[in-house]
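One structure is given here, and the rest of the page talks about it.
The values are calculated or read from the model by the stated rules, or taken from the named source; none is laboratory data. Quick caveat, the model's predicted, so the values are computed rather than measured. All Cβ positions, even for glycine, are placed from backbone atoms using ideal geometry, and neighbour counts span all protein chains on display. Quick note on the areas: whole protein, heavy atoms, side chains included, nothing else; ligands and nucleic acids left out. Shrake-Rupley method; radii C 1.70, N 1.55, O 1.52, S 1.80 Å.
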Amino acid sequence: MSTTTSTTPAGAEETEPYTVALAPGVRAFVQPDGGWCLNNAGIVTGGGRTALIDTAATERRARLLREAAVRDGAPLPTAIVNTHHHGDHTYGNCVFPEATIIGHADCREQTLAVGFQLHGIWPCVDYGDVTITPPQVTYTDALTLHLGDTEMRLIHPGPAHTVGDTIAWLPEQGVVFTGDLVFNGGTPFLMMGSLSGSLRSLEILRGLDAETVVPGHGPVTGPGVYDVLERYFRWLQEYARTEHAAGRTPLEAARAADLGEFATLRESERLVANLHRAYAELDGLPLASPLDLPAVLGDMQTMNGGRPMACHA
């Protein structure tokens, strides 16, 4: 893989995006350090067309993605695949009025339902002139896009990170864009999804046998990242079972947890949200049942030393 770093404004170098060439016509748009709202996107060009996989959390960052997409004479994107509804992956849709937005049916529903949710969580971020722009084309199980000879298979794994996740798989190139089914170097986040569903999504991802994995957050990696995630999910499953049976709250359990090998993962405050989700499943609630969002966010802030979670978008 080769990398190309974009020009960065003074003082913003640590979180400015760069692109990674993965295969002919396929690039990843990576936003370090991959923390809150610093997601990755994909740029796929073929047959005289360009498609994006996700956008960004702010107008400024989406415009950097737009510039990267057309670098070296590539055509403007006419299609965008949203891997799920969260604003860091969808707010920037509006910067691409030429594009048709594609996503799972539940991604469209949730995009409209939550609206400017990031504004409520991080009100001090300069999001720019953002308009909520949901998918206009939806699917339920699978859908295939063709850009010339390039085939992009969209696969819904069921509830996992959210209810409306999409995997974007390029079989000829051996590249998979996972959205937030995969965090590389960061703590997974299951508040709006499912623990058991996340384990199932790893089975689907492994079955693709991709050589290159573009996570929703963090550096481009390989399939070994699935092993780390599976160990985390299985540890979480067992720990939640023990703490739930002992009658401890998710916050009490999170405060007492020995993270072991997972202590180096960023955004460790997500553990308490993941425990809320695991407890809901232990209580027999349907997968991805809505949680008490203010309560969970409040627990996360408590786990973060009483401070709001840091967003650098």
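Which of L208, L190, L229 ends up with the largest GNM mean-square fluctuation for the chain, with Cα atoms connected below 10 Å? Evaluated over the chain, the most mobile residue of the options is L208.
Between helix 270-282 and the chain there is an angle of about 70 degrees, using the helix long axis and the longest principal axis of the Cα atoms.
For the stretch 75-141, the gyration tensor built on C-alpha atoms gives an oblate shape. Its axis ratio a/c (a ≥ b ≥ c) is at least 1.5, and a/b is not larger than b/c. Legend: translational diffusion of the stretch 52-104 by Stokes-Einstein, Rh = Kirkwood radius over C-alpha pairs, 20 °C, 1.002 mPa s; D = 198 µm²/s. Looking at the stretch 63-218, the DSSP beta bridges with both ends there are about 50 percent antiparallel.
Accessible surface area normalised per residue over the chain is 40 Å², counting heavy atoms of protein chains with a 1.4 Å rolling probe.
The phi torsions of the stretch 61-75, fed into the Karplus equation with coefficients 6.51, -1.76 and 1.60 and a -60° offset, translate into couplings of 5, 5, 5, 5, 5, 4, 5, 5, 5, 9, 4, 6, x, 5, x Hz, rounded to whole numbers, with Gly and Pro shown as x. Counting only alpha carbon atoms, the long axis of helix 225-245 and the longest principal axis of the chain meet at about 30°.
Beta bridges from DSSP with both residues in the stretch 151-244: antiparallel share about 60 percent, rounded to the nearest 5.
Projected label points at E203 and C124, each 7 Å from Cα along the beta carbon direction, are separated by 4.5 nanometres.
Think of it as helices only: each DSSP H run of n ≥ 4 in the chain is worth -39500 (n - 2.57), and spread over all residues that comes to -9000 deg cm²/dmol at 222 nm. Distances over 23 Å make up what percent of all Cα-Cα pairs in the stretch 104-252? Across the stretch 104-252, Cα pairs with separations above 23 Å total 45 percent.
Taking a ≥ b ≥ c as the square roots of the eigenvalues of the Cα gyration tensor, the stretch 168-313 is prolate, since a/c reaches 1.5 or more and a/b is larger than b/c. Sorted largest first, the principal axis extents computed over the alpha-carbon atoms of the chain equal 60, 42, 35 Å. Expressed as a whole percentage, what fraction of the accessible surface of the chain belongs to carbon and sulfur atoms when a 1.4 Å probe is rolled over the protein heavy atoms? Ligands and nucleic acids excluded, carbon and sulfur reach 51 percent.
Helix 195-208 axis versus longest C-alpha principal axis of the chain: approximately 40°, rounded to the nearest ten.
Think of each Lys and Arg Cβ as +1 and each Asp and Glu Cβ as -1; about the Cα centre, that makes the dipole of the stretch 82-172 roughly 180 debye.
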